[in-house]
Amino acid sequence: MQALLCALALLLPQGESQATPDAPLQTGPDGLALHRPKKVDIAFNRLYDDVEIYALLDKILAAYPKLVSMQVIGQSIEGRELRVYTINNPDTGIDTEKPAMWIDANVHGNEIQGGEVAVYLVWYLMENYGTTERVTSLVDEFVFYVLPMVNPDGRHHWIHEVHSPHSSRTGYKPTDNDRDGAFDEDPADDLDGDGNITMMRKYAPGEGTHRINQDDPRIMERVPRDDRHLRGDWLMLGWEGVDNDGDGSINEDGFGGYDMNRAWPALWRPEFIQYGAGPYPLFWPETRCIADFLHEHSNVAAVQSFHNSGGMILRGPGGEIFGKYPRKDLQVFDELGRDGELMLPFYDYMIIWKDLYSVFGGFVTWTYEGLGIISFTNELMTSARLFPDKEKAPDSHWFDDNLHLGAGFVDWHPVNHPFYGEIELGGFRKDVGRVPPSFLIEEMLHRNALFCIKHAAAMPRVEIKSALVTPLGGDLAAVDVIFENLSLIPTRTARAAQEGIGAADCFTLEGPDIVVLAGGFRRDRWRPERIDLAEHEPARLLSEDGIGSRSQVRLRWIVRGSGPLTVGWSGQKARDVQQALAIP
Amino acid sequence: MLPVLISLLAGLVCASAPQAEEELVVLDGAALQAVLVELGASALVEVSGLGRSRGGRAIQTLKLSSAVGDETARPAILVVAGLDGPHAYTTSMAVSFLRQLVAGYGRDERITSFLDSTTVYCLPRLDVDGAAARFAQPLAEVMGTGRGIDNDRDGLRGEDPPADVNGDGWVTRMRVVDPEGEWIIDPADPRAMKKADRAAGEVGRFKNYGEGYDRDGDERVAEDAPLDAVVNRNFPRNWTENDGAAGRYPTDEPGVLAMCDFILAHTDIALVLAYGDEGNLVGKPETQKDAGPSERGSVVTGIFEEDAKVYAELGKRYRKITDNKSEGLGEQPGSLQGWLYHHRGLFTLNISPWAVPLDAKAKTEEGGDEDEQGALLKNSKTSAEQDDAESQDDSPEASDDSKRLLWLDQNGIEAHVPWTRFDHPELGEVEIGGFKPYALVEPGPARLAKITAVHFEHLLSLAELLPRPSLNLIELQDLDSGLFEVSVALSNRALLPLFSRAGERSRTGSPVQVHLDLPQGAELIAGSLRTLVHGLEGAGGRKELRWLIRFSGAGSGAQIRLESKHAGRTKVALEVN
Ligand SMILES: [Zn+2]
C-alpha cells in the first residue's frame, strides 16, 4: 500500500496550478485558510439547477478521470438522467470488491441543497486526494456512489418555475389527486406574475380569523379562538392560486402529487395510510432504478440521504409499530449520530417517528431495515443557524431585514382575484427558509460532506490479527486465527443477521494437502477446547453475525496433513482478507 | 400433448352453441397459446401481451366485448387464473369460459346480453413459469418460480433442489427412520403420515422429507430449489419483508409488476374473479372485527363488516350455483387477491374450485343426506406437512391425508405412490412414496369439466350484480319567471354497492360524475355543474341531487349526464318549454 501511495502522489499534476508568478505559492490543505488554488473551481456560495449540477460533476470527472466515473442508472418521469458518480481508485481494486458509501439527495424536488453537498463531497475528496493523507487512504480503501438528484424533475421545476418554498416536493408523473378524472389540472397560479407563489389574504373587517401583528405589519397572526369577543379583520386564503377546474377548490390538483420518500419497501403502507406512497412500492422509475442499483451493489455498507430542512440527523424506525432497532446497531447509530451533532452544531440526532413524525416506506428506513445498512437522513438548514439565540431574535423578519436588507420578502400588495375579488399577496420568496442564504451555503456543504466522510471511514475493515499453527501430535494440527474488524460498523449489522439479509460472512481454511477435520468459533480465549463446532463443512464456516464493531472473532480448525494453507475471511461489506501459513 | 390440442381446436371450430366439454385437460404453454390464437380470431376478442415472466414466457390478457352500443360505458369483470404453478388447471376453466362466451354470443340470449352489458377481461395464467413444471419430467408441484434465493443461507443458490431420486417420474416424499423424527405412520391408513402427538404419548419415528438429495451435505434435504420466489406472494399487500420467497420487493417479479399496472390502467373493472388457492365464498372470510384492534400502520387483516355482508350474499349465491365445498385458504401475504381488495378496493371473489373432500365415510353406513346439510368442511390442500389435525376427543384423530385417501379410493383415483424402499446415496435406507404431484390439487379432466360448467353459470350470474346507477328525474318544477327546480335520484338496484367499503377507504376507484349540461341562455342559480359521487349503497342505494336553473327561452339541450369508469353511463334530458 505504501509504494502505491508514492506512485500516486507523483502522478498528481502539481505544476498545473493556475498560480501567476506574482502570487504567493499556497500549498496548504483545502478547508484551511491559506489553501492552494483549486484544480476545479466551483462557487460554493450558490445553488444550481439540474443541468448545472451534472455539469459541475462532469467537470470534476474530467479533471480526475481515473478516480471518478459516471453511470446513468435510470431516467426520471420527464426523461432526465439519474446519474451515479462513483469514486473509486482502480489501482486498489474494482469498486464492487470494496465497501462503499451511498449518498443521495433531493428526492423531494424543492429540497435541493443536498445536491450541492454531493458535488462538494466529490470535489473535496478529489481536490485533497494525494495531499491530505486521510483523504488518500479513504479513497484508496473505499468507494463512494453519489447520486446528487433523485428527483431532477422536481429540482428543475422548483428552480425554473413559479413555486413556494414548499411546492415541487413531488415528482412529475401526472396524478389525479382530486379524483375527478383530470390530471394536474389545478396547480397554484402566479396571480401577479412576479415569479413567486406567496400567500393570499383578504380584508374582511370583523369577520376574519387573523390580524396584523402590532409591531410588524408584515406578520399575520391568528386571533385566539378562545376569546369570543375578538374577531380578526383578515382571512387567510392559502397559497396563491385560482380554481382552475371549477370544482370549488383551489390548488387541489397540482403537478405530480406524491412523495417518493414514501415509496420504499420497508414498512411500506398504502396511500390511505401514508400519503404519497403510490399504488405499490417503487412505483416511480426514479425509485425503482435506485432499489435495483442497491440490490446489485451488496458492497454498500453506509447510506446517507439529504433533505431539508430543520437541522436533523435522522435515523429510523419510521413508525412506532416497528419496535426498536437491535441494541448493537443502536450503538453504531448513536456514536455516528453524536459525532454528527458535534460536527453539525445546529443539528439534532433524532428518531424519525419519535422526534419528527411517522414515515412509512422511507428510504433510509428501507436501506437499514431491508438492506441492513447503517443509514442516516440529514435535514439540511435550520433557523437555529440564523438565530442562534431565539430569545433575542425579535421575529422571523429580523434576519432578512438585517442580513439581506429585506430582499427575501415579497411585501403584501393588492391583486384582483377572479373569485375572491380584492385580495393581497405576500410572503417569503421560495429560496428563503428551507435553503440557506448564499453566505452560509459553503459551511453547510462542508460540515455535511465531512459527516459523510466520518460515516464512510467507519465502514468495516477486516484484518487477520494472528494466525498460529499448533502441532497436536501425529499428523494433526490446530490452526488458530483471530480476525479483527477495526471499524465502528460491523461486517454484518445485527439487523442483517436477524433477518438473514445478504450473504453471511465466510471464514475459510484451505490447503492442497490439508484435510479440515473440524472447526468452529472459539468461545473462550483461554481454553482452546471450547469451540462451537460446525456441524458440516468446517473448512467454510459461515457466520450470520460476522465480525462486530471493533471486535475480534477467534476460530480454531483441527486439520490433518502438512504444507501450505490459506486462511481467509470473505464478506459483502469489507474487503476480503487472506493469509498464507504452512504446517511443517 | 398433441391429442389434447386437437380436441380443443376441434371444439372451437365445431362449437355452434356453447356446450360444456365432457372432459377438460390442463393446458401446457403451447396448447394455451393455440387457444389464445383461436380466440383472438374472434371479432369479440382482443389478445394483448402483458410482458414476459422471469423465465421468458409470454403472459397474456384477453378482452371480450361486443360491438353493440358504447363499449367504453360498461363495467368489466376480470377473470384471473393460474396464479401459481400447482393451480395451472384453473387456466382451463378461464379459457373455457371465454370459448363459451365467444361461441354463444349472438346465439344464446343470456350470453349475448351478458356481453352487450359487460366487458370481460381475462388473465388465464399469471405464473406461466410455475405452470411449465406441470408438463415437465419428472413431475413436481412447483410453487416457487421467480428469482432464485439462497434458502438455506449457505451462500449458494439452488444447489439442493427437490429431485426424483428413485427415477419413477414423480417427485414425491421420503420417509426415513430416525430417532429425531417427528412423524409416525397413521394407524387409520398406513399410506398416510401424521405428526406424532407427543402430548398423547405418541413418539415420532420418521423424518419426512421432500424427495431429493442432500447435495450440499448440510443434513437438510431438497431445501434449496433453484427458482423459489413465489409469484403470488410478491404483491404489495401484507408483503413479507426480508423473505426471499416473497421477492426482493413487491412487484419484483415481472408478471406481478405487469399485473399491477394492468389493474391501474383498467379503471372499468368492477369485480374480479380469482381462481387459485384462496377462497372467500365457501367459508366466512375473516373481518376486521375478528382481527381485533390495531396500532397505526399495522396491517389490518380481515375485510370490512359492510363488505362482509356483501360477500356473505355473494357466497350464498355462489354455493347455490356451484355446490363447491372447498373453502380454500384465507388471505395469503403478498397475494394478488389481497392487494385487489384491500389496496384497490375491488370486490374480489376468491375461488378455490376444488379440493379432495375430507368428509368421505367408510362404506359401513349411509349418511349422505345428513352429511350434505353438515357444517362447511375445511378442505385444505397441498402437502401433508401443513396438516395439523386437532382432535376433539380422546380417540386418535385420523389424519387429513388418510381421509383424503379414503375419498380418492372410493372414487377410483390412483393418487398415491406406494412407499418403496430405496437406498439413498446420502441418507441410506429410505422409503419413497406419497401423493402424486397435483393429485390433491387437480380435480381430473371429467370433474374439471363439471366444475367449469357450474362456474361458467356463476360467471354469467354476476353481470346483473354490478352497480349500474340509474338517473331518474324526480322533479322539474317551474317556480316562476323561467326558474326551475330540478331534482334527480341516483339509484343502484344491483347487489354490489358503487364501491366496497375498502374502496371508499382506499380512494382508488373513480367516483361517478354527474354533470349538468346547460344550453346557451340557461343559467345555474344553485347546485353544481359537476358532482362527484363517492359512494352509493347496493340493493336500492339512493342519492338525490338538486339544482336551480333559470332558462331564458326553451331549455332544449339541457341534460343531466352520469359518467363513470366502472358503473356505466346514462343521462336524462330536461325538457322545458
Ligand atoms: Zn424531504
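What strands (runs of 3 or more DSSP E) completely inside segment A:510-584 contain at least 3 residues that are among the charged types (D, E, K, R)?
On the way: elements: A:514-522, A:531-533, A:540-543, A:552-561, A:563-570, A:577-583.
Where strands (runs of 3 or more DSSP E) fall fully within segment A:510-584 and carry at least 3 residues being among the charged types (D, E, K, R), they are A:552-561.
Only one residue in B:434, B:428 is surrounded by 22 or more Cβ atoms within 10 Å (Cβ to Cβ), not charged (D, E, K, R) and not assigned by TED's automatic domain parsing to the domain that holds residue B:310, so which one is that?
None of the others qualify; the one that does is B:434.
Considering only residues that are more than 18 Å from the chain's Cα centre (by Cα) and either more than 13 Å from chain A (Cβ to nearest Cβ) or open to solvent by less than 20 Å² (accessible area, probe 1.4 Å) (or both), which ones fall in segment B:224-250?
Within segment B:224-250, B:224, B:225, B:226, B:227, B:228, B:229, B:246, B:247, B:249, B:250 meet the criteria.
If we scan segment B:240-253, do we find a residue that is under 23 Å from residue B:86 (Cβ atoms) and without any contact (Cβ under 8 Å) to a residue 12 or more places away in the chain? So that I can check it myself, show each step before the final result.
Step one: list which residues in segment B:240-253 are under 23 Å from residue B:86 (Cβ atoms), which gives B:240, B:243-247, B:250-253.
Narrowing further to those that are without any contact (Cβ under 8 Å) to a residue 12 or more places away in the chain: B:243.
So far as segment B:240-253 goes, yes, one or more of its residues are under 23 Å from residue B:86 (Cβ atoms) and without any contact (Cβ under 8 Å) to a residue 12 or more places away in the chain.
Quick check on my filter: what residues within segment A:490-513 are surrounded by 23 or more Cβ atoms within 10 Å (Cβ to Cβ) and more than 14 Å from chain B (Cβ to nearest Cβ)?
A:490, A:491
Mind counting the residues in segment A:164-204 that are part of a loop (DSSP other than H, G, I, E, B) and more than 14 Å from every other protein chain (Cβ to nearest Cβ)? Talk me through it step by step, then tell me what you get.
Kept after step one, since they are part of a loop (DSSP other than H, G, I, E, B), are these residues of segment A:164-204: A:164-185, A:187-195, A:197-198.
Going one step further and asking which of them are more than 14 Å from every other protein chain (Cβ to nearest Cβ), we end up with A:164-172, A:184, A:187-195, A:197-198.
Count: 21.
Is it the case that segment A:42-59 has a residue that's more than 14 Å from chain B (Cβ to nearest Cβ), surrounded by fewer than 24 Cβ atoms within 10 Å (Cβ to Cβ) and within 16 Å of the ligand (Cβ to nearest atom)?
Yes, because at least one residue in segment A:42-59 is more than 14 Å from chain B (Cβ to nearest Cβ), surrounded by fewer than 24 Cβ atoms within 10 Å (Cβ to Cβ) and within 16 Å of the ligand (Cβ to nearest atom).
When the residues of segment A:523-547 are filtered to those that are away from chain B (no Cβ under 14 Å) and either among the acidic types (Asp, Glu) or buried (at least 20 other Cβ atoms within 10 Å of the Cβ) (or both), which remaining residue is farthest from residue A:457 (Cα to Cα)?
Ranking the candidates gives A:529 first.
Being open to solvent by 10 Å² or more (accessible area, probe 1.4 Å) and part of a loop (DSSP other than H, G, I, E, B) is the filter; apply it to segment A:130-154 and report the residue that is farthest from residue A:100 (Cα to Cα).
Once the filter is applied, the top-ranked residue is A:131.
Determine which member of the set A:356, A:380, A:405 is more than 14 Å from chain B (Cβ to nearest Cβ), closer than 23 Å to residue A:290 by Cβ and over 16 Å from the mean Cα position of the chain (by Cα). Please lay out each step first, then the result.
Details: A:380 fails: over 16 Å from the mean Cα position of the chain (by Cα); A:405 fails: closer than 23 Å to residue A:290 by Cβ.
None of the others qualify; the one that does is A:356.
Any chance segment B:266-278 includes a residue that's free of Cβ contacts under 8 Å to residues at least 24 places away in the same chain, in a loop (DSSP other than H, G, I, E, B) and outside the structural domain of residue B:173 (by TED's automatic domain parsing)?
Taking segment B:266-278 and keeping what is free of Cβ contacts under 8 Å to residues at least 24 places away in the same chain, we get none.
No; the residues of segment B:266-278 include none that is free of Cβ contacts under 8 Å to residues at least 24 places away in the same chain, in a loop (DSSP other than H, G, I, E, B) and outside the structural domain of residue B:173 (by TED's automatic domain parsing).
Taking into account only those residues within segment A:304-326 that are touching a Gly at 6+ places or on another chain (Cβ under 6 Å) and either more than 16 Å from the ligand (Cβ to nearest atom) or of a type in the set (Phe, Trp, Tyr) (or both), which is farthest from residue B:241 (Cα to Cα)?
The first filter runs over segment A:304-326 and keeps only residues touching a Gly at 6+ places or on another chain (Cβ under 6 Å), leaving A:306, A:313, A:318-319, A:321.
Adding the requirement that they be either more than 16 Å from the ligand (Cβ to nearest atom) or of a type in the set (Phe, Trp, Tyr) (or both) leaves A:306, A:319, A:321.
Numbers: A:306: 25, A:319: 15, A:321: 15 Å.
That would be A:306.
Take the conditions on the phi > 0 side of the Ramachandran plot and surrounded by 16 or more Cβ atoms within 10 Å (Cβ to Cβ) and apply them to residue A:311. Does it pass?
yes
When you scan segment A:327-413 for helices (runs of 4 or more DSSP H) that lie fully inside it, which ones turn up with 3 or more residues that are within 16 Å of the ligand (Cβ to nearest atom) and either at pLDDT 95 or above or not assigned by TED's automatic domain parsing to the domain that holds residue A:102 (or both)? Talk me through it step by step, then tell me what you get.
Numbers: elements: A:327-343, A:363-369, A:383-386, A:398-403.
Filter on segment A:327-413 gives A:363-369.
Take the residues in segment B:30-75 that are in a helix (DSSP H, G or I) and at pLDDT below 95, then tell me which one is most open to solvent (accessible area, probe 1.4 Å).
The qualifying residue most open to solvent (accessible area, probe 1.4 Å) is B:72.
How many residues does segment B:397-412 hold that are small (Gly, Ala, Ser) and not in a loop (DSSP other than H, G, I, E, B)?
Start the filter on segment B:397-412 by keeping residues that are small (Gly, Ala, Ser), which leaves B:398-399, B:402, B:412.
Filter once more, keeping what is not in a loop (DSSP other than H, G, I, E, B): B:402.
Counting residues in segment B:397-412 that are small (Gly, Ala, Ser) and not in a loop (DSSP other than H, G, I, E, B) gives 1.
Which of the residues spanning segment B:77-120 are open to solvent by 10 Å² or more (accessible area, probe 1.4 Å) and not in a helix (DSSP H, G or I)?
Those that are open to solvent by 10 Å² or more (accessible area, probe 1.4 Å) and not in a helix (DSSP H, G or I): B:105, B:106, B:107, B:108.
Got a sec? Which of A:369, A:341, A:335 is open to solvent by less than 10 Å² (accessible area, probe 1.4 Å), over 14 Å from the mean Cα position of the chain (by Cα) and among the acidic types (Asp, Glu)?
A:369
Does residue A:106 count as within 16 Å of the ligand (Cβ to nearest atom) and within 22 Å of residue A:447 (Cα to Cα)?
Considered against the rule, which asks whether it is within 16 Å of the ligand (Cβ to nearest atom) and within 22 Å of residue A:447 (Cα to Cα), residue A:106 comes out as yes.
Among the residues of segment A:238-289, how many are within 13 Å of chain B (Cβ to nearest Cβ), charged (D, E, K, R) and open to solvent by less than 20 Å² (accessible area, probe 1.4 Å)?
2
I'm checking my understanding of the structure. Among residues of segment A:168-205 that are of a type in the set (Gly, Ala, Ser) and touching a helix residue (DSSP H, G or I) at 6+ places or on another chain (Cβ under 7 Å), which one is surrounded by the most Cβ atoms within 10 Å (Cβ to Cβ)?
For segment A:168-205, the residue satisfying everything is A:171.
The values are calculated or read from the model by the stated rules, or taken from the named source; none is laboratory data. The model shown is predicted, which means the values in this text are computed figures rather than measured ones. All Cβ positions, glycine included, derive from the backbone under ideal geometry; neighbour counts span all protein chains shown. Only protein heavy atoms, including side chains, enter the accessible area calculation; ligands, DNA and RNA are left aside. Shrake-Rupley method; radii C 1.70, N 1.55, O 1.52, S 1.80 Å.
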